[in-house]
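Visitor: This is the structure I want to talk about, given as structure tokens.
The values are calculated or read from the model by the stated rules, or taken from the named source; none is laboratory data. This one's a predicted model, so the numbers in the text were calculated from it and none came from an experiment. Counting neighbours? That spans all protein chains shown, and the Cβs are built from the backbone with ideal geometry, glycine included. These accessible areas exclude ligands, DNA and RNA; they are computed on the full protein's heavy atoms, side chains included. Shrake-Rupley method; radii C 1.70, N 1.55, O 1.52, S 1.80 Å.
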Amino acid sequence: VQLQASGGGLVQAGGSARLSCAASGSLSSFDTVGWYRQVLGKQRERVAQIAKSISTGSADSVEGRFTISRDNAENTVYLQMNSLKPEDTAVYYCYARQSYSGYSVWGQGTQVTVSS
């Protein structure tokens, strides 16, 4: 399975964007999916995660603004981002993991730039 992230771009502060992470195959065997983001020179930060159908692991900085969802029929994971701030500017990566085996796959990353 390969993941393809899309939906990034330039957004004004206060605006919204939706990232998509499309899988080349079925995600049904991956019980955990989520998004990380990384700013050049800084440590990667987990943004949001769904583990065993429960949305967990949202960073405090995005709580109440970002929502993760997965569409099992479409084998796609989404990240809805509202009330964007300049500090949300980063490369966003999606991932999927099988907790029972530890096997994980990552998307290639999509740049989100929020202008003030």
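Visitor: Considering segment 51-72 alone, what residues qualify as being among the polar types (S, T, N, Q) and assigned to a loop (DSSP other than H, G, I, E, B)? Explain how you work it out, then say what you get.
Guide: Keep residues of segment 51-72 that are among the polar types (S, T, N, Q), which gives 53, 55-56, 58, 61, 67, 69, 72.
Of everything in segment 51-72, those that are among the polar types (S, T, N, Q) and assigned to a loop (DSSP other than H, G, I, E, B) turn out to be SER53, SER58, ASN72.
Visitor: Go through segment 19-52 residue by residue and tally those that are surrounded by fewer than 19 Cβ atoms within 10 Å (Cβ to Cβ), closer than 18 Å to SER99 by Cα, under 15 Å from the mean Cα position of the chain (by Cα) and small (Gly, Ala, Ser).
Guide: Count: 1.
Visitor: Now, a different point. Between a residue in segment 27-42 that is of a type in the set (A, V, I, L, M) and any residue that is in a strand (DSSP E or B) and open to solvent by 50 Å² or more (accessible area, probe 1.4 Å), which pairs come within a Cβ distance under 8 Å, given they are 6 or more apart or on different chains?
Guide: Hits for this filter: LEU27/ARG70; VAL33/ARG70; VAL33/ARG97.
Visitor: Follow-up. If you scan segment 73-116, which residues turn out to be open to solvent by 30 Å² or more (accessible area, probe 1.4 Å) and either in a strand (DSSP E or B) or among the acidic types (Asp, Glu) (or both)? First the steps, then the outcome.
Guide: Applying the first criterion (open to solvent by 30 Å² or more (accessible area, probe 1.4 Å)) to segment 73-116 yields 73-75, 78, 80, 82-83, 85-87, 89, 91, 93, 97, 99-104, 106, 108, 111, 113, 115-116.
Residues satisfying the conditions are GLU74, TYR78, GLN80, GLU87, VAL91, TYR93, ARG97, SER104, TRP106, GLN111, THR113, SER115.
Visitor: What are the residue pairs meeting all of these: first residue in segment 101-116, first residue more than 18 Å from GLY7 (Cβ to Cβ), second residue among the hydroxyl-bearing types (Ser, Thr, Tyr) and open to solvent by less than 20 Å² (accessible area, probe 1.4 Å), Cβ atoms under 8 Å, and 6 or more apart or on different chains?
Guide: Correct list of pairs: SER104/TYR95; VAL105/TYR95.
Visitor: Which numbered condition trips up LEU19, out of (1) free of Cβ contacts under 8 Å to residues at least 12 places away in the same chain; (2) in a strand (DSSP E or B)?
Guide: Condition not satisfied by LEU19: (1).
Visitor: Given the residues GLN12, GLN4, which is the only one that is more than 16 Å from TRP106 (Cβ to Cβ), in contact with a strand residue (DSSP E or B) (Cβ under 7 Å, 6 or more places away or on another chain) and open to solvent by 50 Å² or more (accessible area, probe 1.4 Å)? Before the answer, list the steps.
Guide: Working: GLN4 fails: more than 16 Å from TRP106 (Cβ to Cβ).
The match here is GLN12.
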